[in-house]
Amino acid sequence: MDIIYRLRVIFWFLVVLIWGIYLYQYISEDLESSKNQKIILNKSTKTESIILQKKNDTTYYQPQTVIITTQIYRENTEGKKEDKNERMLVKSEGISLPQEIYKEERIESEIEKNIGIKKAPKIPDGFNFKETRHFYIYAEKDIDINEIESKLETLHGEMMLDLIAFSPWTRDEKVSIYLASTAQKYQEISKRPPWSGGAANLREKKIYLYKSDEWFGILAHELTHIYFDSFFGDYDKSPLWLSEGMAVYIQVERGGSHPLWLKENLSKIKEGSGYNLSDLTRIKTLEDADDKSVKLWYAESYSLVFFLLKIQRGDNFYQFCKRIKEGQKISTALFHAYGKPYTTLAALESVWRMDVRTGNITGMRE
């Protein structure tokens, strides 16, 4: 019995000793870390962010498969180039671009940069006028202006489901809509050439168009540029793929316009066609591109924006755009806004293309 008792005493002594050593080491480490910890009061810290350098034409990489621009110049009657901040909505007759693809002009003078619509512009001859909560509507007299008002305000409300965070100014400022009955009257009030299907002045927040089968989709597309692009400051600062992708998204999802070329090119993307996202997002102009390339580029931009909107939780998409606006690289903005697995453009492309094929994430199926 004495031996067993002694063994028990030795066993518990060792247990207590080991426990004491462990506790001593733990307390020592804790005390040591507290000595090294510094508390700094009233000191500011700087957060480092990645800023994109401004690219110039000599250093900018452009894929050879697509050369695109949105900048055009029109000659006036005196042969001088005009430089107003306008977008041209192009008809398909006589040009290579599809009817739904709109050439843009985003050059404005220093004076125009400070223009804001405070009161309704003058009413053109032969037009009725109505001021609504968000619009100044100018409709030719044979058009039911009350019906137009209802459609416009309904469209605005639906668009704000996606764009309210990007255009808070719509509470105080209105957009002017000029709707003619014929192409001839449209050309008369807008001073646009016969090949133009519509026009929008982004800085002055004016849209000119005429009644056609496509007018409502065109309106939704161009309103998106006025609402969404303004978030990035100057209207030429928004990334082209993001701007046009959002415009086509609103045109389809809110404007109810489903152009045939879009469906055809989404099918091609589903089969594996299209541009690498690194190329797609680098393109900043749409010039001299053939019809097929332009349509495919627009369809892919739409598909990518659709994906980013559908996978968001909370304000992921807004945070992504905000970081782009601040100058961050797309991959950096993407990771900080959406988190894993969207750590790089390549990772985004992998998941996006899988969803294009299966629709498992967004539910988008043909």
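What follows is calculated from the coordinates using simple rules that are stated; it is not laboratory data. Just so it is clear, the structure is predicted and the values come from calculations on it, not from any experiment. Every residue, glycine as well, gets a Cβ built from its backbone with ideal geometry; the counts of neighbours run over all protein chains shown.
Using 0.36 nm per residue and subtracting the Cα-Cα separation, the extra length available between W195 and K310 on full extension is 37.7 nm. Can you list the residues of segment 221-251 with backbone N under 20 Å from a point 7 Å past the Cα of V351, pointing along Cα to Cβ? Once the point is set 7 Å along Cα→Cβ of V351, 242, 246 turn out to lie under 20 Å by backbone N, inside segment 221-251. Derived scalar couplings between HN and Hα for segment 218-231 equal 4, 4, 4, 4, 6, 4, 4, 4, 5, 6, 7, 5, 5, 4 Hz in order, rounded to whole Hz, by the Karplus curve 6.51 cos²θ - 1.76 cosθ + 1.60 (θ = phi - 60°), x for Gly and Pro. Taking +1 at the Cβ of each Lys and Arg and -1 at the Cβ of each Asp and Glu, which of C321, L209, I177 sits farthest along the dipole of segment 86-358 towards its positive end, judged by Cα position relative to the Cα centre? After comparing all options, I get C321. Averaged over residues, the count of other Cβ atoms within 10 Å places the peptides 337-350, 176-189 in the sequence 176-189, 337-350, highest first. Take the Cα of T344, go 7 Å toward its beta carbon, and the backbone nitrogen atoms of segment 266-288 under 19 Å from that spot belong to 275-282. Near the amide H of G197, within less than 5 Å, lie the amide hydrogens of L89, V90, K91, all on another chain or at least 5 residues away, with H placed in the peptide plane.
The loop-placed trypsin sites (Lys or Arg not before Pro) in segment 302-366, going by DSSP, that have at most 13 neighbouring Cβ atoms within 10 Å of their Cβ come out as R313, R365. For segment 249-355, the normalised intensity computed at q = 0.13 Å⁻¹ comes to -0.51 (log10 of I(q)/I(0), Debye sum over alpha carbons, equal scatterers, no solvent). With the simple spin-label model, which puts each label point 7 Å out from Cα in the Cβ direction, the R171 to F129 separation comes to 2.7 nm.
Sorting H336, H156 on the 10 Å Cβ count, fewest up front, what's the list?
The fewest-first ordering by Cβ neighbours comes to H336, H156.
So if I take the alpha carbon set of segment 86-358, get Rg, then get Rh from the Kirkwood formula, what is the Rg over Rh ratio?
When Rh is taken as the Kirkwood radius, the ratio is 0.96.
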